[in-house]
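Right, one structure below, let's go through it.
The values are calculated or read from the model by the stated rules, or taken from the named source; none is laboratory data. Bear in mind the structure is a predicted one, so any value in this text is a computation, not a measurement. Cβ placement follows ideal geometry from the backbone for every residue including glycine, while neighbour counts extend to all protein chains displayed. All accessible areas refer to the heavy atoms of the entire protein, side chains included, with ligands and DNA or RNA removed. Shrake-Rupley method; radii C 1.70, N 1.55, O 1.52, S 1.80 Å.
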Amino acid sequence: MHGALHVAKTGLSAQDTQLKVISNNLANVSTVGFKKDRLEFEDLLYQVRRQPGAATGEDSMLPSGLQLGSGVRTVSTQKLFHTGDMQITDQPFDVAINGRGFLQVAMPNGDIAYTRNGELHLDGENRLVTSEGYLVEPAITLPDQVTNFSVGNDGTVSVTVAGDPNPQELGQLELADFVNPQGLQATGQNLYIETAASGAPIVGLAGEEGRGIIKQGMLEGSNVNAVEELVDMITTQRAYEMNSKVISTADEMLSYVSQQL
Amino acid sequence: MDKVLYVAMTGARENMYAQQAHANNLANATTTGFKSDFEQARAMRVLGEGYESRVYSMSERPGTDLDSGTLMQTGRDLDVAVAGDGWLAVQGPDGNEVYTRNGSLQINAANQLVTGSGLPVIGAGGGPIVIPPAENITIGNDGTVTIRPIGENAVEIALVDQIKLVQPEQGQLFKGRDGFMHTDNDVPLAANPNVQVRAGYLESSNVNAISELTSMISLQRQFEMQVKMMKTAEENSSAAAEVLSMS
């Protein structure tokens, strides 16, 4: 009916998606270990209405044709993995990863998921779990009557128990690294799962092979910058308004023609 | 019936095409590295036997606005913006070398450096750039990609490849149907060492939203005038029919 209508519709829906991504980032501005998303746009295919160089008469030709774009689409969201601010919490069960790498979490179905959120807890059986109650992998079970719990930079977990001055080593937290962390699939609950695009996890000790070190008593904040998101929100709103203006213009034209003729 | 009806109709139809071109620019007002399309109308006389008394209107795209957009700081290692003139060479959907200014790059599962839409970026050797597992990737101002391999010390910096950057002459590039810039017959351009990129930046779309919106409105009014002409043609013809009617 009117090409501009469909084109502006793609603009509206792309800006709509953009707003959704921004609002999700903003909603997670204080989620521990959250990594912000960024939306990628791409212009849609062009249709050639008139071919440049086509003949228009016996000795004349089109110097430049008419190629019309058909709008915009959103191609992908990218997780931006730069590190968030480190917050000191002084909680013994809080661990932050300074550098690359993810903590491994055993999902209820047996799969391994990965997280940057180091808010750990103890469950009823004295095992180290995430806030959701999923076991940290490799599993670490604390003895009774623990008086001191400490995690070393390399992930070594040691405790002292009442009546024994010597610390005992319980195990070691391992970190997983990925060739392309942006290819991980976010599943919510601060967890990511491996995909073909991320590559297989390279599991090992913290501090080795480029994996970050583990810091106890700290948490990694969300890497969302509220100011950036608000500025993006303003540009998104204006772009949305202008595309809706195109729709109303095209609509007024069509209504004018049907009223007049 | 008077041919003015058809002349006015082409005017209205071409106005609609022109609006689609502006609507496409506006829809891409936030697309990274997008270059807006120009649009103009041209008089097209109607050729044929007899006196050429009629001139139709015709919309066309005389070219693409190659002005730079604003550089936006993102701080991401793999975001590159071309400073000044020049283009990044990537392997297009049809396998030919095409050019883009959208430098939000990623690494895919095959370790290749690709654009946001997954097209491989072309390196100095003419093929895709393959980046081994790295702890840290730096793209230099001349497009060189250096990495610090995983597990290596900070002194073990390795040079991987160089992004192919080109600087075509004026009028050498045109926008193809895929939205990328092509050369005539897709002949690859030679790399130009003078083109500079800035890592950690992206180039915004160069669409001027105000001027696009103003064009939309002025085209809307033109369209209404064409419709008014059609209406007048109709009134003339019914008046003539009335005069000539046998009553």
Residues being at the interface with chain B (Cβ under 7 Å from one of its Cβ atoms) and either touching an Asp or Glu at 6+ places or on another chain (Cβ under 6 Å) or closer than 30 Å to A:ASP94 by Cβ (or both) - total across the stretch A:21-68: 2
Any hit, the stretch A:225-245, residues being open to solvent by less than 40 Å² (accessible area, probe 1.4 Å), in contact (Cβ under 8 Å) with a residue 24 or more places away in the chain and part of a loop (DSSP other than H, G, I, E, B): no
Condition met for B:LYS231 (under 24 Å from B:ASN108 (Cα atoms) and among the basic types (Lys, Arg)): no
Test result for A:HIS6, within 12 Å of chain B (Cβ to nearest Cβ) and open to solvent by 60 Å² or more (accessible area, probe 1.4 Å): yes
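Pull up the stretch A:183-215, narrow it to residues that are away from chain B (no Cβ under 14 Å) and open to solvent by less than 60 Å² (accessible area, probe 1.4 Å), then point me to the one that is farthest from A:ASN24 (Cα to Cα).
By that ranking, first place goes to A:ILE214.
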Flag if B:GLY84 is open to solvent by 20 Å² or more (accessible area, probe 1.4 Å) and either aliphatic (A, V, I, L, M) or more than 9 Å from chain A (Cβ to nearest Cβ) (or both): yes
Among the candidates A:ASN180, A:ASN223, A:ASN243, residue that is touching a Leu at 6+ places or on another chain (Cβ under 8 Å) and at the interface with another protein chain (Cβ under 7 Å from one of its Cβ atoms): A:ASN243
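For the stretch B:162-185, which positions are open to solvent by 40 Å² or more (accessible area, probe 1.4 Å) and not in a loop (DSSP other than H, G, I, E, B)?
B:GLN162, B:PHE174, B:ASP184, B:ASN185
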All positions within the stretch A:117-126 that are open to solvent by 70 Å² or more (accessible area, probe 1.4 Å) and farther than 18 Å from A:GLN216 by Cβ: A:GLY124, A:GLU125
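Does any residue of the stretch B:208-225 turn out to be farther than 30 Å from A:ARG238 by Cα, buried (at least 17 other Cβ atoms within 10 Å of the Cβ) and not aromatic (Phe, Trp, Tyr)?
The answer is no, given that none of the residues of the stretch B:208-225 is farther than 30 Å from A:ARG238 by Cα, buried (at least 17 other Cβ atoms within 10 Å of the Cβ) and not aromatic (Phe, Trp, Tyr).
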Hey, B:ARG61 open to solvent by 10 Å² or more (accessible area, probe 1.4 Å) and modelled with pLDDT under 90 or not: yes
Among (1) polar (S, T, N, Q); (2) open to solvent by 20 Å² or more (accessible area, probe 1.4 Å); (3) under 25 Å from A:THR235 (Cα atoms), the one test that A:SER60 misses: (3)
Candidate set: the stretch B:186-198, residues that are in a loop (DSSP other than H, G, I, E, B) and β-branched (Val, Ile, Thr); chosen: the one modelled with the lowest pLDDT: B:VAL187
Of residues in the stretch B:64-80 being open to solvent by less than 60 Å² (accessible area, probe 1.4 Å) and of a type in the set (D, E, K, R), the one nearest to the chain's Cα centre (by Cα): B:ASP65
Condition check for A:ALA176: hydrophobic (A, V, I, L, M, F, W, C), over 20 Å from A:LYS215 (Cβ atoms), at pLDDT 90 or above and not in a loop (DSSP other than H, G, I, E, B): no
Test: residue in the stretch A:202-210 that is over 30 Å from B:GLN20 (Cα atoms) and touching a His at 6+ places or on another chain (Cβ under 6 Å): no
A:VAL75 being out of contact with any Lys or Arg (no Cβ under 6 Å at 6 or more places or on another chain) and without any contact (Cβ under 8 Å) to a residue 60 or more places away in the chain: yes
Leading residue by the ranking (least open to solvent (accessible area, probe 1.4 Å)) among those in the stretch B:124-148 that are within 11 Å of chain A (Cβ to nearest Cβ) and not β-branched (Val, Ile, Thr): B:ALA134
Long-range neighbours under 9 Å by Cβ, at least six apart or interchain, first residue in contact (Cβ under 8 Å) with a residue 60 or more places away in the chain within the stretch A:142-164, second aromatic (Phe, Trp, Tyr): A:VAL151/A:PHE93
Positions within the stretch A:63-99 being open to solvent by 60 Å² or more (accessible area, probe 1.4 Å) and polar (S, T, N, Q), in sequence order: A:THR77, A:THR83, A:GLN87, A:GLN91, A:ASN98
The stretch A:126-143, residues that are touching a strand residue (DSSP E or B) at 6+ places or on another chain (Cβ under 7 Å) and among the acidic types (Asp, Glu): A:GLU137
Test for B:ALA8: is it small (Gly, Ala, Ser) and closer than 30 Å to A:SER76 by Cβ: no
Unmet criterion (only one of (1) closer than 30 Å to A:VAL7 by Cβ; (2) within 13 Å of chain A (Cβ to nearest Cβ); (3) among the polar types (S, T, N, Q); (4) open to solvent by 40 Å² or more (accessible area, probe 1.4 Å)) for B:THR232: (1)
Those residues of the stretch B:1-49 which are β-branched (Val, Ile, Thr) and surrounded by fewer than 22 Cβ atoms within 10 Å (Cβ to Cβ), in sequence order: B:VAL4, B:VAL7, B:THR10, B:VAL46
Residues (small (Gly, Ala, Ser) and assigned to a loop (DSSP other than H, G, I, E, B)) located in the stretch A:179-202: A:ALA196, A:ALA197, A:SER198, A:GLY199, A:ALA200
